[in-house]
Amino acid sequence: MKKSLIALLVASMPAAAFADVTIYGAIKAGVENVDNGATKQTNIDDLGSRIGFKGSEDLGNGLKAIWQVETGFNIDGTTGTGSHSGTFANRNSFLGLQSSLGTLRFGNVSNYLDSDMGVVDTWSYSSNALGLGVFTRDGDRLKNSVRYDLPAIVPGLTASLQYGVKEAKGAANVDRETSIVGLGYENSGFFGKYAYIHQSKAVSNVTTAYKLNDTANDKHQLEVGYNANNLFVGFGYKQGKGGADVAGSDWFSYVKTGMSIPAGQVVDANGKVKTREYALTAGYTFGAITPKFTYAHGDKVEVGGVKVDNTQYDQYVLGADYALSKRTTVGAQYGQIAVKGTGNHDLKAFGLNMVHNF
């Protein structure tokens, strides 16, 4: 009876109510065996599943109203956090306007690194050992933000500006006002993309090993490569300077245990932290199979101009994807993050995954 009532209600609604509305998403799941040097564990993990709804309305004179609501969730029966929490609109969600003058969006909007970059990370994974989660950590959604994308005056050229406010100014938390500039160009398979992020000083009573609160962050990321004729080669470089959080929580947690100060040198615990990282990914498609390889490296972290021993990392990932169809892929990979220093252990993992896009 209930199903009949719902069907009758849907049938009675005007067709315009469903015009220009698209449902999309991806279901990603896998099995991962993770060895952190102290314990080994096999996990059934969600690898970034999501569902989204988007649409538009023609307002006339070349102007459109656009909207999108996207939610990330876990299909493995666990309670996720952040973009995997299942909280409605926890991923790229916005309301905006689009015309020949460009696109303007307000909300929880993907930054340029999330929407246009991160192409060097071609993997599906949960453990950071199986993909470039450390290197691509700045690709995310920016809450309470406005983003403007310039119109494509030159074919292949993209450019965007984004600003995220800190609504509770003066409050004791680690939130920062954020400004982002993104630029990109693609032609005949060749691509180049660049993003600059500036984050204002934070206000916090959180105590960390190195200065976090009273310094601004400046980050740069560059990706160049070739993606055509079944071949993908991508190179990424990034650097950051500011508080300890420019290294990201994962990298910093990996290296802080084994840190050692160079003999005869004094490190200013309130000095600015500087990081440099590199990543290279290559893959080639033979029919339905795409074998691929990634190598990434993080230089020694500098604190107050001093390179701190046992803070660099080296990572490699080797694997292959097999396309069952245009929308469904299975894959396997082995990866390792090696971090030097007393108390640190290599993070190793082997994973099998399946991804279905809709």
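Every number in this text was worked out from the coordinates using simple rules, so none of it is lab data. Here the structure is a predicted model, which is why all the values come from computation and not from measurement. Methodologically, a virtual Cβ is constructed for each residue, glycine included, from the backbone with ideal geometry; neighbour enumeration extends over all protein chains shown.
Points to keep in mind about this one:
- Residue-span extension gain [VAL31 to GLU167] - 0.36 nm each, minus C-alpha spacing: 45.0 nm
- Restricting region 77-169 to chymotrypsin sites (Phe, Trp or Tyr not before Pro) that sit in a DSSP loop and have at most 15 other Cβ atoms within 10 Å of their own Cβ leaves PHE88.
- Gain in span if fully extended, VAL233 to SER100, counting 0.36 nm per residue against the direct Cα distance: 44.6 nm
- Calculated over region 18-156: convex hull of Cα atoms, volume per residue (Å³): 131
- Quick note on region 85-195: its Rg to Rh ratio, both from C-alpha atoms and Rh being the Kirkwood radius, is 1.00.
- Total formal charge among the other residues, if their Cβ is under 12 angstrom from that of THR78, Lys/Arg +1 and Asp/Glu -1: -3
- Note on LYS143/SER249: beta-carbon distance plugged into 1/(1 + (r/R0)^6) with R0 of 22 Å gives a FRET efficiency of 0.80.
- Other residues with beta-carbon under 11 Å from the beta-carbon of SER127 carry, at +1 per Lys or Arg and -1 per Asp or Glu, a net charge of -3.
- Mean separation of Cα pairs under 8 Å and 6 or more residues apart, divided by the residue count, gives region 287-353 a relative contact order of 28 percent.
- Summed side-chain charge close to GLY96 - residues other than GLY96 whose Cβ falls under 10 Å, Lys, Arg +1, Asp, Glu -1: +2
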